[in-house]
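Asks: My questions will all concern the structure given below.
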Amino acid sequence: MASGVEFDEGNETKGSMWVLEQKLDQPMEKEAGSLKNMYREKKFSEGLLLRLAFQSLGVVYGDLGTSPLYVFYNTFPHGIEDPEDVVGALSLIIYSLTLIPLLKYVFVVCRANDNGQGGTFALYSLLCWQAKVKTIPNQHRTDEELTTYIRSTFHEHSFAAKTKRWLEATVFRKNALLILVLVGTCMVIGDGILTPAISVLSASGGIKVDHPKMSNNVVVLVAVFILIGLFSMQHYGTDKVGWLFAPIVLLWFLMIGGIGIFNICKYDSSVLRAFSPVYIYRYLKRGQRDGWTSLGGIMLSITGTEALFADLAHFPVSAVQLAFTVVVFPCLLLAYSGQAAFLMENREHVIDAFYRSIPDRMYWPMFVIATLAAIVASQATISATFSIIKQALALGCFPRVKVLHTSKKFLGQIYIPDMNWILMVLCIAVTAGFRNQSQIGNAYGTAVVIVMIVTTLLMTLIMLLVWHCHWILVLLFTFLSLVVECTYFSAMLFKVDQGGWVPLVIAAAFLVIIYVWHYGTVKCYEFEMHSKVSMAWILGLGPSLGLVRVPGIGLIYTELASGVPHIFSHFITNLPAIHSVVVFVCLKYLPVYTVPEEERFLVKRIGPKNFHMFRCVARYGYKDLHKKDDEFEKKLFDNLFLFVRLESMREGSSNSNEYSLCGQQMQESQEFLLKDNAHTPTSNLDLTISSVDSIVPATSQMHVNNTITSSTEVDELEFLSSCRDAGVVHILGNAVVRATRESRIYKKIAIDYIYAFLRKICRENSAIFHVPHESLLNVGQIFFV
């Protein structure tokens, strides 16, 4: 275990402080292990696993399950010329479902979750821990000691180590990886727009089967009204109606499976020969270019697989695997086989094959169930979109928007009002603009296949750096996945002008917004890092900091997790007074899914004791429920007071004045970090100590059995309490960011116009932190980046 000073070089370096550390620094492997085990996947009983598998149907598989509504129509938009084409298309559907959702996603990709969290950002967070690829360099060595932090080691000369060094070598590669993740994110947002459009429009189209003379405008109008209702109810959250989802989707799967069996027996059971892959070869050879472009329709049979991964948060992987293999997969195969059997004798009904293949007595019940299933599928995709935007927001890759948590039981269930209405407007525009399933299907397929390719590329790095798979196995997985997905992608390129351009335009617009925001955030962070205030300058001002110290506590919010921010010097040079106690508060989001409550806060002192300056770093994962309220403020002060007690205890335990903190200059790299133990008894506190001459890492923890209270401690605690009673003021920087004069034109456009506009329309920091206006002080400044 490393520390700031090497104590192993000789016995002469082992002073009394070293002996004291050996007595107090007891190993905590047992406690650390118990914490880590809290976040491993638990073993579930058979009954509970079945219940979770049943519930997962309503959340995870709604999108994938509604694909039979529109696959055959989008595969044959101009009709079916040869019945053998139906068998070839069915064979493609069977093997697409087997290779992509079943083998790749359910049994491989779902295992690459970040402690149960799925999606492209979850994969990115795993990579950020294994390699230094995060573009905002605000990580500290103490972050690596979180129980939710996972890093594996590998041999220096291994292929994984070479890959890691290659990724970390240049900023360009780090940015390329980030852009890859952002492209996947933008395509998921595109799915959130296109899934409701095609699902609801396809379900509504069933009305025309019973009323063939009905205008298509009426169908579109019905779909628009359903979409408005769907998006208008998002603020209630899925928890309010979630108990209905699983029964609806289970009933849907059982009904389409049962109707599939009925159609196979009634029309043509010979379609089952499609399980032979030779019919794929014959289909593509016979159809040539038309057969190749029809792959865009086949592609729609596997849409929803990325939403499956993104919605993984609430269910164990074993439950998701059980639901897919026992219910979803066989029912989808039966549904597609039944439709194919129907089309063998009714080729003219390919435009509405799903509803035409339903027995007359079952038509209206199936219409109702299909509409409900389409709503559930849309809900699942919208929820996945909200989830991935929350992840992007937490990692500094999305403009600040309001995030509401709709459930107290499930932290992953959120509602983002601004994005909800943007999605609704775009979804209605797509539905009313295209007015038919074919063009929306082309757009939908393009978005889905790009997300799949992004996932494959990220999985390649995960298998190398996280799983340490042999490079031959990694190459085999990547090759097979890309062959299938690039084949579909090449087919979608032929349909760019037939609706496939829509997700590209949507993704491009969101990519510009997200990347410019991230670029501006990085530049602001770099400016703050380079303009940090010198500790020598602060010490030169003396305990009064050259100002009048008035009673009260000033909480200065900053992006910096170390160093004194530029805003502080701007503040004290423009105002005649400052608070008696100053606390620099940094809210830092880490690329982990959560930070346990007991590990959230880190506290240190800045400067000598009589300066009364502290730093508090509050760390959050991208899935954490964060509400800046009185509870947050209370925990912050609890940790501050606890820090003072432990600091005094340490001084009382030391017989050497050499290690006294009182009156010594505390360098920025020499930190006293305290993990949040507000709920831990005083006799069992974990603490980390540093001094001018030695730094004990955060993993070295001291078990304190005897509490030593000095008069100095009591005096400082009373002083802090009186200052808190006098009032707490929240000081936030209100920066205007401008590009320097010598900047290139694209940088000026990005910073001066796009980034400035986004900062203007996004939420203020005070709103995010829920700071009361009477306690708020904004400090204006200009950043030239």
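Asks: Tell me, which residue of the stretch 566-584 that is at pLDDT below 85 and among the polar types (S, T, N, Q) is nearest to residue 533 (Cα to Cα)?
Replies: 569
Asks: Checking residue 562 against (1) within 26 Å of residue 725 (Cβ to Cβ); (2) of a type in the set (Ser, Thr, Tyr); (3) open to solvent by 20 Å² or more (accessible area, probe 1.4 Å): exactly one of these is not met. Which one?
Replies: Of the numbered conditions (1) within 26 Å of residue 725 (Cβ to Cβ); (2) of a type in the set (Ser, Thr, Tyr); (3) open to solvent by 20 Å² or more (accessible area, probe 1.4 Å), the odd one out for residue 562 is (1).
Asks: Checking residue 244 against (1) within 20 Å of residue 65 (Cα to Cα); (2) touching a helix residue (DSSP H, G or I) at 6+ places or on another chain (Cβ under 7 Å); (3) open to solvent by 50 Å² or more (accessible area, probe 1.4 Å): exactly one of these is not met. Which one?
Replies: Result: residue 244 passes all but (2).
Asks: For residue 759, which of the numbered conditions (1) under 30 Å from residue 645 (Cβ atoms); (2) modelled with pLDDT under 85 fails to hold?
Replies: Evaluating residue 759 over (1) under 30 Å from residue 645 (Cβ atoms); (2) modelled with pLDDT under 85 leaves (1) as the failure.
Asks: Also, quick follow-up: Hey, among 731, 708, which residue is closer than 30 Å to residue 634 by Cβ, at pLDDT below 85, assigned to a loop (DSSP other than H, G, I, E, B) and not aromatic (Phe, Trp, Tyr)? If you could, list the steps in order and put the result at the bottom.
Replies: Working: 731 fails: assigned to a loop (DSSP other than H, G, I, E, B).
Matching residue, one of 731, 708: 708.
Asks: Select, from 91, 3, the only residue that is modelled with pLDDT under 85 and either outside the structural domain of residue 329 (by the TED database) or not in a loop (DSSP other than H, G, I, E, B) (or both). Show your work before the answer.
Replies: Numbers: 91 fails: modelled with pLDDT under 85.
After applying the criteria, what remains is 3.
Asks: To continue, here is another question. I'd like the full set of residues that are over 19 Å from the mean Cα position of the chain (by Cα) and part of a helix (DSSP H, G or I), limited to the stretch 498-511. Give the derivation first.
Replies: So the first thing to find is which residues in the stretch 498-511 are over 19 Å from the mean Cα position of the chain (by Cα), and the list is 498-506, 508-509.
Scanning the stretch 498-511 gives 498, 501, 502, 503, 504, 505, 506, 508, 509.
Asks: Residue check, residue 484 against (1) assigned to a helix (DSSP H, G or I); (2) assigned by the TED database to the domain that holds residue 187; (3) open to solvent by 60 Å² or more (accessible area, probe 1.4 Å); (4) not charged (D, E, K, R), all met but one. Which one?
Replies: (3) is the only condition that residue 484 fails.
Asks: Find the helices (runs of 4 or more DSSP H) located wholly in the stretch 22-75 whose residues include 1 or more that are surrounded by fewer than 24 Cβ atoms within 10 Å (Cβ to Cβ) and either more than 23 Å from the chain's Cα centre (by Cα) or at pLDDT below 50 (or both), and list them. So that I can check it myself, show each step before the final result.
Replies: Numbers: elements: 29-37, 46-60, 62-65, 71-75.
Correct list: 29-37, 46-60, 71-75.
Asks: Within the stretch 168-213, count every residue that is over 20 Å from residue 516 (Cα atoms), buried (at least 24 other Cβ atoms within 10 Å of the Cβ) and hydrophobic (A, V, I, L, M, F, W, C).
Replies: Number satisfying all stated conditions: 7.
Quick grid of which residues meet (1) under 30 Å from residue 159 (Cβ atoms); (2) among the basic types (Lys, Arg):
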position: 400; (1), (2): no, yes
position: 403; (1), (2): no, no
position: 417; (1), (2): no, no
position: 423; (1), (2): no, no
position: 429; (1), (2): no, no
position: 463; (1), (2): yes, no
position: 476; (1), (2): yes, no
position: 486; (1), (2): yes, no
position: 492; (1), (2): no, no
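Asks: Working only within the stretch 94-127, note down all residues that are at pLDDT below 85, assigned to a loop (DSSP other than H, G, I, E, B) and surrounded by fewer than 23 Cβ atoms within 10 Å (Cβ to Cβ).
Replies: Correct list: 113, 115, 116.
Asks: Return yes or no: is residue 453 open to solvent by 10 Å² or more (accessible area, probe 1.4 Å) and either outside the structural domain of residue 202 (by the TED database) or closer than 20 Å to residue 493 by Cα (or both)?
Replies: On the way: open to solvent by 10 Å² or more (accessible area, probe 1.4 Å): yes; either outside the structural domain of residue 202 (by the TED database) or closer than 20 Å to residue 493 by Cα (or both): yes.
Yes, satisfied.
Asks: Shifting gears a bit: For the stretch 734-745, state whether one or more residues are at pLDDT below 85, closer than 21 Å to residue 582 by Cα and open to solvent by 80 Å² or more (accessible area, probe 1.4 Å).
Replies: No, there is no match, as no residue in the stretch 734-745 is at pLDDT below 85, closer than 21 Å to residue 582 by Cα and open to solvent by 80 Å² or more (accessible area, probe 1.4 Å).
Asks: Given the conditions (1) aromatic (Phe, Trp, Tyr); (2) open to solvent by 30 Å² or more (accessible area, probe 1.4 Å); (3) at pLDDT 85 or above; (4) within 30 Å of residue 322 (Cβ to Cβ), report the number of the one that residue 252 does not fulfil.
Replies: Among (1) aromatic (Phe, Trp, Tyr); (2) open to solvent by 30 Å² or more (accessible area, probe 1.4 Å); (3) at pLDDT 85 or above; (4) within 30 Å of residue 322 (Cβ to Cβ), residue 252 violates only (2).
Asks: If you check 273, 286, 282, which single one turns out to be assigned by the TED database to the domain that holds residue 102, modelled with pLDDT under 90 and either open to solvent by 30 Å² or more (accessible area, probe 1.4 Å) or assigned to a helix (DSSP H, G or I) (or both)? Talk me through it step by step, then tell me what you get.
Replies: Numbers: 273 fails: modelled with pLDDT under 90; 282 fails: modelled with pLDDT under 90.
Every option except 286 fails the conditions.
Asks: Go through the stretch 487-507 and count every residue that is open to solvent by less than 50 Å² (accessible area, probe 1.4 Å) and of a type in the set (A, V, I, L, M, F, W, C).
Replies: The first filter runs over the stretch 487-507 and keeps only residues open to solvent by less than 50 Å² (accessible area, probe 1.4 Å), leaving 487-488, 490-492, 495-496, 499-500, 502-503, 506-507.
Now drop any that are not of a type in the set (A, V, I, L, M, F, W, C), which leaves 491-492, 496, 502, 506-507.
Total meeting the criteria: 6.
The values are calculated or read from the model by the stated rules, or taken from the named source; none is laboratory data. Because the structure is predicted, anything quoted here is derived from the model rather than measured. In this analysis, Cβ positions are derived from the backbone assuming ideal geometry, glycine residues included, and neighbour counts consider all displayed protein chains. Heads up: the accessible areas ignore ligands, DNA and RNA and are worked out on the full protein's heavy atoms, side chains in. Shrake-Rupley method; radii C 1.70, N 1.55, O 1.52, S 1.80 Å.
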